[in-house]
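Take a look at the structure below.
The values are calculated or read from the model by the stated rules, or taken from the named source; none is laboratory data. Only a predicted model underlies this, so the values are computations on that prediction, with no experimental measurement involved. With ideal geometry, Cβ positions are generated from the backbone for all residues, glycine too; neighbour counts draw on all protein chains shown. We work out accessible area using only protein heavy atoms, side chains counted, and drop any ligands, DNA or RNA first. Shrake-Rupley method; radii C 1.70, N 1.55, O 1.52, S 1.80 Å.
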Amino acid sequence: MSLQFSRSMRVLQLDSFRAARVGLLLAALNMAILVVWFFMAKITLYETSNEIALAADDRIVASFPKESLSRIRMGQPAWLRVDLGAEQPSLKLPALVYEVQREQNKVEFVILANESPVNYLTEKPSGQVEVEVEYITPAELVLRTSGKILNRNQIPLSPQTVETRD
């Protein structure tokens, strides 16, 4: 009985499996890059305000939930987003935390842009403020969400806040 050429020893000796080796090398390199990213990349966490209002001296006052105020400090960078209406896109201005009033759940901001938002804000402005509160890695975010890092605040999986009893 004769043997097919595709199953002969000569074919196995001539085939170097070069394509498979190159593919395996590229897959290993891709995995190494993803592992380095997982432990080294920085993700910015923000606290977002409920509402904003215009105060004196071109300052913006924003109200935050009680649990967010513990993470906000003077001097932290922030972004003010002002909704200008349906016809125009929202305006995004850099800001800085000026004062934190914990008992009133309010934070004052100073706008850092050359353009003053007073021209865009009315008595009842619509928009929000996002404060940069922390930089963490994806690995730390996963561990904190799963509850493995207990010395820091856990990040809830649900965007809904839990009511606390006083």
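Applying the condition of being under 18 Å from V61 (Cβ atoms) and not polar (S, T, N, Q) to the stretch 128-145 and asking which residue is modelled with the lowest pLDDT yields V129.
All of (1) exposed (fewer than 12 other Cβ atoms within 10 Å of the Cβ); (2) under 30 Å from V35 (Cα atoms); (3) at pLDDT below 70 hold for I149 with one exception: (1). Number of residues in the stretch 62-87 that are of a type in the set (G, A, S), at pLDDT 85 or above and surrounded by fewer than 16 Cβ atoms within 10 Å (Cβ to Cβ) equals 1.
From the list E67, E87, E51, the lone residue that is within 19 Å of the chain's Cα centre (by Cα) and either over 17 Å from Q128 (Cα atoms) or acidic (D, E) (or both) is E67. Kindly establish whether K92 is open to solvent by 90 Å² or more (accessible area, probe 1.4 Å), at pLDDT below 75 and among the basic types (K, R). Answer is no for this residue. Of all the listed residues (L34, L45), the sole one being under 29 Å from E140 (Cα atoms), among the hydrophobic types (A, V, I, L, M, F, W, C) and exposed (fewer than 13 other Cβ atoms within 10 Å of the Cβ) is L34.
Scanning for something assigned to a strand (DSSP E or B), under 15 Å from L96 (Cα atoms) and modelled with pLDDT of 85 or more, does the stretch 39-46 turn up at least one residue?
yes
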